[in-house]
Amino acid sequence: MGMLKEFKEFAVKGNVMDMAVGIIIGAAFGKIVSSLVSDVIMPPIGLLLGKVDFSQKFIQLAADPNGTYFNSLTEAQKAGVATLNYGLFINAIINFIIVAFAVFILVKQLNRLKQLHEVTPAPVAPDTKECPQCYSKISVKASRCAFCTSQV
């Protein structure tokens, strides 16, 4: 029973819930970035490089049993042929760069906002001073020491 109670306390803590929300948002963000790369960024890059579709770039490591070499990744995968999918790897690298840049911008902005909200308290003026004769603490407004009656 003790372990179940500890797990319950852990699971309902604010940090765990924040982390869960972050993971869910991150997964959704990952899908958006994947679509951005494959549907928006890569087609113009492929067009500039001579109508290249990076998602279909692969190296067929061996011919299938019939000696066939395939022209598309989809056909090679359907035939069960071993392929080196470097085009998908390039897409994944671009996805990573975009996500890393977005996280960098987010963290940079959060740090900037945190610095704006961190207010350094103004130094508080002391309300007492030391008597130069007897070294007792007296009010800064006093003109005579309450302990030795000397003028300050």
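Okay, here's what the table says:
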quantity	calculated
Residue in region 60-71 that is without any contact (Cβ under 8 Å) to a residue 60 or more places away in the chain, among the hydroxyl-bearing types (Ser, Thr, Tyr) and in a loop (DSSP other than H, G, I, E, B) present	yes
Residue in region 32-52 that is surrounded by 14 or more Cβ atoms within 10 Å (Cβ to Cβ), assigned to a helix (DSSP H, G or I) and of a type in the set (S, T, N, Q) present	yes
Residue among LYS57, LYS141 that is among the basic types (Lys, Arg) and exposed (fewer than 15 other Cβ atoms within 10 Å of the Cβ)	LYS141
GLN77 in contact with a strand residue (DSSP E or B) (Cβ under 9 Å, 6 or more places away or on another chain), among the polar types (S, T, N, Q) and at pLDDT 80 or above	yes
Residue within region 95-105 that is assigned to a strand (DSSP E or B) and either out of contact with any His (no Cβ under 6 Å at 6 or more places or on another chain) or free of Cβ contacts under 8 Å to residues at least 60 places away in the same chain (or both) present	no
Tally of residues being part of a loop (DSSP other than H, G, I, E, B) and touching a residue at least 40 places away in the same chain (Cβ under 8 Å) across region 72-93	0
Test: residue in region 9-25 that is more than 20 Å from ILE94 (Cα to Cα) and outside any helix (DSSP H, G or I)	yes
Residue check for THR74: more than 27 Å from LEU36 (Cβ to Cβ) and more than 34 Å from the chain's Cα centre (by Cα)	no
Filter result for SER139 (over 19 Å from SER35 (Cβ atoms) and without any contact (Cβ under 8 Å) to a residue 40 or more places away in the chain)	yes
Any chance VAL99 is out of contact with any Lys or Arg (no Cβ under 9 Å at 6 or more places or on another chain) and among the aliphatic types (A, V, I, L, M)	yes
Single residue of LEU84, LEU88 found to be surrounded by 14 or more Cβ atoms within 10 Å (Cβ to Cβ), modelled with pLDDT of 85 or more and under 35 Å from the mean Cα position of the chain (by Cα)	LEU88
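Yes/no matrix, rows are residues, columns are (1) over 30 Å from ILE23 (Cβ atoms); (2) in the same structural domain as ILE23 (by TED's automatic domain parsing); (3) modelled with pLDDT under 85; (4) not basic (Lys, Arg):
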{"position": "VAL33", "(1), (2), (3), (4)": "no, yes, yes, yes"}
{"position": "ASP39", "(1), (2), (3), (4)": "no, yes, yes, yes"}
{"position": "GLY46", "(1), (2), (3), (4)": "yes, yes, yes, yes"}
{"position": "GLY67", "(1), (2), (3), (4)": "yes, no, yes, yes"}
{"position": "ILE98", "(1), (2), (3), (4)": "no, yes, yes, yes"}
{"position": "PRO132", "(1), (2), (3), (4)": "yes, no, no, yes"}
{"position": "THR149", "(1), (2), (3), (4)": "yes, no, no, yes"}
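The values are calculated or read from the model by the stated rules, or taken from the named source; none is laboratory data. Please read these numbers as outputs of a predicted model, since none were measured by experiment. So basically every Cβ, Gly included, is an ideal-geometry build from the backbone, and we count neighbours across all protein chains shown.
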